[in-house]
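This report concerns only the one structure given below.
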Amino acid sequence: MEFWNGDVFVQGMAVSAGLIVAIGAQNAFVLRQGLLGRQVLAVVLTCFFCDFVLMALGVMGLGSLVADSPAVTVALALFGAAYLLRFALHSWRAAYLGSSALEVDAASDGVKQSLWPAVRATLAVSLLNPHVYLDAVVLLGAVAATVPAGDKASFMVGAVSASFLWFMALGFGARLLRPLFRRARTWQLLDALIGVVMLSIAAGLLQFAWERWPF
């Protein structure tokens with residue numbers, strides 16, 4: 001019996017990367033933490049852990065539980081939209097004030113964000129979005145369902161490998177851009193863009209909740 005299938009491993013990596021790499025609230029948050037140098041390892045590992053759990057649920061065939069529970073997905077959508085709207089307003093305020101350029105200077109001087117607030121914020125942007133469950137659990141699970149039972153481990157390893165490599169590269173690679181982001185104008189543009197991304201995702205979540213309102 002063959003315990004490893006390289007082709008299925010690559011398939012898992014490709015499907016996972018396609019779902020993860022798209023610009024979204026989670027990636028924008030990781031990029032910002034990486035630029036500020038704030039609890040980057042904790043943020044990256046928290047994102048990876050969330051992906052690992054959700055992908056494992058999908059590969060095990062539990063995606064239908066999420067897809068068939070409109071009350072759960074609507075509640076997540078509403079909470080997620082509220083959180084992302086707050087994040088968008090914070091980003092636009094930072095863009096207006098140009099405060100993030102000051103924050104990156106403070107980070108380089110040794111002022112660090114405490115661990116648990118960073119982890120809580122990461123969990124919020126990672127889990128308060130029903131699209132995360134639909135992507136990582138339902139869609140990934142649908143592809144995994146087409147994989148022979150003996151190759152599911154190879155598929156799962158490929159999927160979580162893509163997640164780990166992406167978040168490590170995004171979080172720790174962001175520091176290469178820090179000289180550019182010492183300019184207030186660059187930070188203002190990024191903060192404004194992050195605010196737009198958060199607002200667009202929040203609007204999508206509200207539409208999602210409206211279309212699936214179960215009451």
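The values are calculated or read from the model by the stated rules, or taken from the named source; none is laboratory data. Since we're looking at a predicted model, the values are computed, not measured. Cβ coordinates were reconstructed from backbone atoms using ideal geometry, including for glycine residues, and neighbour counts include every protein chain displayed.
Would it be correct to say that residue 81 is crowded, with 20+ Cβ neighbours inside 10 Å, closer than 19 Å to residue 191 by Cα, over 17 Å from the mean Cα position of the chain (by Cα) and modelled with pLDDT of 75 or more? The answer is no for residue 81. Scanning region 117-155 for residues that are touching a helix residue (DSSP H, G or I) at 6+ places or on another chain (Cβ under 6 Å) and part of a loop (DSSP other than H, G, I, E, B) turns up 128, 129, 147. So which of 160, 197, 143 is under 18 Å from the mean Cα position of the chain (by Cα), within 30 Å of residue 77 (Cβ to Cβ), among the β-branched types (Val, Ile, Thr) and modelled with pLDDT under 85? Result: 197 is the single residue among 160, 197, 143 that is under 18 Å from the mean Cα position of the chain (by Cα), within 30 Å of residue 77 (Cβ to Cβ), among the β-branched types (Val, Ile, Thr) and modelled with pLDDT under 85. One residue alone among 107, 56 is surrounded by 14 or more Cβ atoms within 10 Å (Cβ to Cβ), small (Gly, Ala, Ser), modelled with pLDDT of 85 or more and out of contact with any Phe, Trp or Tyr (no Cβ under 8 Å at 6 or more places or on another chain), and that residue is 56. Just give me the residues in region 149-177 being free of Cβ contacts under 8 Å to residues at least 12 places away in the same chain and either within 25 Å of residue 30 (Cα to Cα) or not aliphatic (A, V, I, L, M) (or both), in sequence order. Across region 149-177, the qualifying residues are 165, 169, 176.
One residue is enough: does region 176-192 have a residue meeting the conditions part of a helix (DSSP H, G or I) and either in contact with a His (Cβ under 7 Å, 6 or more places away or on another chain) or within 26 Å of residue 15 (Cα to Cα) (or both)? No; the residues of region 176-192 include none that is part of a helix (DSSP H, G or I) and either in contact with a His (Cβ under 7 Å, 6 or more places away or on another chain) or within 26 Å of residue 15 (Cα to Cα) (or both).
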